[in-house]
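*Asks:* Just passing along the structure, written as structure tokens.
The values are calculated or read from the model by the stated rules, or taken from the named source; none is laboratory data. Note that the structure is a prediction, hence the values are computed from the model and not measured. Because the Cβ atoms are built from the backbone with ideal geometry, glycine has one as well, and the counts that use them run over all protein chains shown. Note: accessible area is taken over every heavy atom of the protein model, side chains too, but ligands, DNA and RNA are not part of it. Shrake-Rupley method; radii C 1.70, N 1.55, O 1.52, S 1.80 Å.
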Amino acid sequence: MLESSAVPGHSSLLRIGNDRFQIRYWEPSTASLQIRRMRLWFCSSKLTLVLLILVAVPGSSWAQSQNEQSALPPASDDTVTIRAVTQRRIGEHEFEAEGDVEVRYLDMLLKADKIHGNNQSQDVEGEGHVYFEQGQQKIHAQRFHFNLATKTGTFFEVKGRADPGFIFEAEEVEKLGEDRYRVKNGFVTACEDRVPKWSFTVSEGFLRVDKNVVLKNTFLRIKKLPVFFTPYLVAPTNERKRQSGFLIPATSSSSNRGRAISDAFYLTLGRSADLTATGEYYSLRGVAGGLQFRARSSERSSIFAEGFFAKDRLGQGGQSATVIADTRFDNGFRAVADVFIVTSEAFRQVYGESFNTIVRPDEVSSGFLTKNFSSYSLNVFSERRLTLFEGKPVTTRTFPSFNLFGHNRQVKDWPVYFSFDTAVDGLSRSDRDLSTPPLVQRFDFYPRVTVPLRDFKGMTLTPSFGWRETFYSDRVEPAVRTGVVPRNLVRSAFDFQARFTGPGVEKIFELGDHRYKHLIEPEVHYRYFTGIGELRDIIRFDERDIMSNTNEVEYAIQNRFFSRRSNSEGGTTNAEFLSIRIAQKYFFDPTFGGALVPGQRNVFFPLNTLSAFSFQDGERHLSPIITRVRVTPASRYTADFRMDYDQRVHKIRAASVTGAAYVENKFLALTYYNTRNLPPTQFPSNQIRATLGYGNSTRIGMNAAFSFNYDFRSSVFQYSTSQLAYNWDCCGIALEWRQFDFGARKESQVRFSFSLKNIGSFGSLRKQERLF
């Protein structure tokens, strides 16, 4: 029964069913109707994909104009306030508000030109410039009707904008229940154009809040042209929720594998794990596939595992497996596993996805458990390493390995520091010349005392003394078939080292309006190792086994140049823009205690501390001269030059240049290296690797990049890739042509990627393989 009174300046009570309405007259021409106990329910999850066509979403932004403001402040309680120019009762159970009608409930606002209600059926309907707002969520429609009792209703001719930047339209958006919605004949896009560059259209879709959206007859359109169709599509409605299902198929073209077609199935395994199964078909090679597993059980633990196989018609198929796992325990221990296994070098070259994978000379699987104490480090380590050489590869295994390292620690208050390195290992090795038992025992103990002397007039001298005891259960014996005999070997070595620096000489000079500082620093490092007479009998597993007698001095002079440079905080700081270091070694004992074998390549410690290139194939007192120049004129420019000059043969043995430059949207990275043909220690190479480009992945307009690896000796591009991309305001397309010419891989390939703003991308060119 309807009860009301309408006296200006007073209030009256209006009852509709069990609900109470109170009319308050704010002014003669404007009334406000406050409705208690009425609740409007709307979707409360973020939108994904075509879900954005659906009903308004709290926390999302729906608007036709970013300048629209709510006319009323939020109510302080659960009262619904209706304000209109005129308001009247038109029947026993009906009322009507007309003229700039505004309905406010908590943080929700509903506007229309005209609203009509029925207290018996509890229906409310409106038309003309319908507008709904809740928080940042906004929606426009032509008309609506809603039932307060069932909390269901429909918006007609809906359009608006949805966070994070989607534009949508739909004929109808219907609320079917507390958390269910239906959309009819709608589309969504991120493009501002009158005819969108891309859009998703759907004939019908059903949504359950925080669960999923089911779409029927969905098209992806480029302009008005449909390019992709699916009769049924399921997508999650929560941005953090993953949904199992098939991914978008991809295709590419290759001269080596033919036309490639691939698809994948994505399976969620709880909140913190997922599995992706991929199937591929190559028209010239056959079928291939793989599995990828990812899990993050906590902030401290993660695992990634991937397996791939190919049944190759040309006999170059195989399998590969990769596992990367990392976990940190509450007691301070950290465990890491890094596993890489491949069945053959040819399979890796033919099916490897990157040039670095194809040219990789080794196959390493390792794992460790470690903990750092105040001045100690404990490590438990295992490794399998396969290194490719001509003939039989070298395979070494380390398991188990226990290492305890003590960092420099001061002894009482004396100027004396003590450190040690000790390890217990089980090892094996197999190569062309020898094959060890599965477990060769090695125990290594290396204590050291360092006595840093007090600085004197810019000069420092730091002497140190060490004693190394190493036990091996087996030794080399070329006379036997395996090259190894189970006879114990003990290596005892004493070493003395002294490092001297300074005094430095510096000068400040001016050039124009700039001041520069030049610093000259001399360095001398003396090493004396003795007691190692068994180097040829020691099985070489790793760096612990290549220690030899030596009596040598390494001397160097370094020139450093500094200038004032602006920093990111708006001030200035001293920065080094040029560094030149020249170093050489003098060997007092050119035979290294008899360890040197003339006429062959010799690599042992500490020969390898000066240069990355081997140079010792005979007795010599002087090493090559090593020059290194580093230039950093600004933070966006850097260059590094290195040269090994051998005064004995009057030739540059090796030279390399690396550099990078970044200027606005242009970038260049380059590496060049050259080695001379000086057998048996060194063989020729002459290669350059470079990447140059313009633009970036988000820049509007044309973007391009080119990367290559060129071998001057064979006049062959071992690898090259050219990528061209064009980005619009709401989408982008990228094309790639790449080629391989290395080992078993001789291939040209075309790939592409099509990106949709705020949705993602699909195609055969993956994001991690983009050059920009």
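*Asks:* Dipole size in debye (nearest 20) for the chain around its Cα centre, Lys and Arg Cβ +1, Asp and Glu Cβ -1? Write out the running numbers ahead of the final one.
*Replies:* Numbers: 99 positive and 84 negative charges, 277 e Å.
Taking the Cα centre of the chain as origin, the dipole is about 1340 debye.
*Asks:* Counting Lys +1, Arg +1, Asp -1, Glu -1, what net charge surrounds Ala725 among other residues with beta carbon under 10 Å of its beta carbon? Before the final figure, lay out the partial values.
*Replies:* Working: positive: Arg699, Arg770; negative: Glu736.
That sum, taken over residues with Cβ under 10 Å, equals +1.
*Asks:* Find which of Ser611, Asn567, Ser623 sits farthest along the positive direction of the dipole of segment 560-633, computed with +1 on the beta-carbon of Lys and Arg, -1 on that of Asp and Glu, about the Cα centre.
*Replies:* Asn567
*Asks:* Lys746: which lysines have alpha carbons under 20 Å from its alpha carbon, excluding same-chain residues fewer than 8 sequence positions away?
*Replies:* Leaving aside lysines fewer than 8 places away in the same chain, those within reach of Lys746 are Lys311.
*Asks:* While we're looking at this one, here's another question. Report, ordered by chain and residue number, the lysines lying within cross-link reach of Lys651, taken as a straight Cα distance under 22 Å and ignoring same-chain residues fewer than 8 apart.
*Replies:* Answer for Lys651, where 22 Å is the Cα cut-off: Lys585, listed by chain and number.
*Asks:* Zone of Arg300 (label point 7 Å along Cα→Cβ, backbone N under 18 Å): which residues in segment 371-393?
*Replies:* From segment 371-393, the list is 371-374, 378-380.
*Asks:* Using the Cα centre of segment 375-438 as the reference point, and only Cβ charges (+1 on K/R, -1 on D/E), how large is the resulting charge dipole? Debye, rounded to the nearest 20.
*Replies:* 120
*Asks:* Would you mind classifying the chain by shape? Square roots of the alpha carbon gyration tensor eigenvalues, ordered a ≥ b ≥ c; an a/c under 1.5 is rounded, otherwise it is prolate if a/b is larger than b/c and oblate if not.
*Replies:* prolate
*Asks:* If you don't mind, there's one more thing I want to ask. Net charge near Glu127, counting Lys/Arg +1 and Asp/Glu -1 over other residues with Cβ under 9 Å of its Cβ?
*Replies:* Numbers: positive: Lys114, Arg143; negative: Asp113, Glu125.
Once all neighbours under 9 Å are counted, the net charge is 0.
*Asks:* Per residue, how many Å² of accessible area does segment 332-435 show with a 1.4 Å probe? Don't skip to the end; give the middle numbers.
*Replies:* Values: 5600 Å² over 104 residues.
It amounts to 54 Å² per residue over segment 332-435.
*Asks:* Also: Need the list of lysines near Lys175 for cross-linking: C-alpha distance under 24 angstrom, and skip anything on the same chain fewer than eight residues off.
*Replies:* Straight-distance partners of Lys175: Lys46, Lys111, Lys114, Lys138, Lys151, Lys159, Lys184, Lys211, Lys216, Lys241.
*Asks:* Follow-up question, since we're still on this one. In whole Hz, with x marking every Gly and Pro, tabulate ³J(HN,Hα) for segment 285-296 from phi via Karplus 6.51 cos²θ - 1.76 cosθ + 1.60, θ = phi - 60°.
*Replies:* Rounded to whole hertz, the list is 10, x, 9, 8, x, x, 10, 10, 10, 10, 8, 9.
*Asks:* Okay, moving on. Measure off, as a whole percent, the carbon and sulfur share of the 1.4 Å-probe accessible area of the chain, all protein chains present. Before the final figure, lay out each step's value.
*Replies:* Details: 22330 of 40330 Å².
On the chain, the fraction of accessible area on carbon and sulfur atoms equals 55 percent.
*Asks:* Can you give the FRET efficiency to the nearest 0.05 for Asn488 and Thr460, using r as the Cβ-Cβ distance and R₀ = 51 Å?
*Replies:* On the way: r = 42 Å, r/R0 = 0.83.
That gives a FRET efficiency of 0.75.
*Asks:* Estimate the FRET efficiency between Val287 and Val657 by the formula 1/(1 + (r/R0)^6), using the beta-carbon distance for r and 51 Å for R0, to the nearest 0.05. Please list the in-between numbers first.
*Replies:* On the way: r = 45 Å, r/R0 = 0.88.
Plugging the Cβ-Cβ distance into 1/(1 + (r/R0)^6) gives 0.70.
*Asks:* Given the convex hull over the Cα atoms of segment 273-412, what projected area results after averaging over all orientations, in nm²?
*Replies:* 12.2
*Asks:* May I pose another question? Under a crude label model (7 Å from the Cα following the beta-carbon direction), how far is Lys507 from Phe588 in nanometres?
*Replies:* 3.5
*Asks:* Next up: Excluding Arg766 itself, calculate the net charge of residues whose Cβ lies under 9 Å from the Cβ of Arg766, where each Lys or Arg counts +1 and each Asp or Glu counts -1.
*Replies:* On the way: positive: Arg751, Lys767, Arg770; negative: Glu353, Glu769.
Its environment carries a net charge of +1.
*Asks:* Between Asp113 and Ser697, what is the FRET efficiency for a Förster distance of 60 Å, r being their Cβ-Cβ separation, to the nearest 0.05?
*Replies:* Once the sixth-power term is evaluated, E becomes 0.85.
*Asks:* Obtain the nm distance between the two label points defined at Phe402 and Arg636 by a simple spin-label model: each point lies 7 Å from its Cα along the Cα-to-C-beta direction.
*Replies:* Inter-label distance under the simple model: 5.6 nm.
*Asks:* While we're here: In Å, what Kirkwood hydrodynamic radius results for segment 699-772 from the alpha-carbon pair distances?
*Replies:* On the way: mean 1/r = 0.0746 Å⁻¹.
When all Cα pairs of segment 699-772 are included, the Kirkwood radius is 13.4 Å.
*Asks:* List the trypsin sites (Lys or Arg not before Pro) within segment 425-471 that DSSP assigns to loop and that have no more than 14 neighbouring Cβ atoms inside 10 Å. Each step should come with its number before you reach the end.
*Replies:* Values: sites: Arg429, Arg432, Arg442, Arg448, Arg454, Lys457, Arg468; in loops: Arg432, Arg454, Lys457.
The qualifying sites are Arg432, Arg454, Lys457.
*Asks:* Then there is this: Which residue, chosen from Leu404, Gln441, Val424, occupies the Cα position most advanced towards the positive end of the dipole of segment 402-454, where the dipole is computed from +1 (Lys, Arg) and -1 (Asp, Glu) charges on Cβ about the Cα centre?
*Replies:* Farthest towards the positive pole: Leu404.
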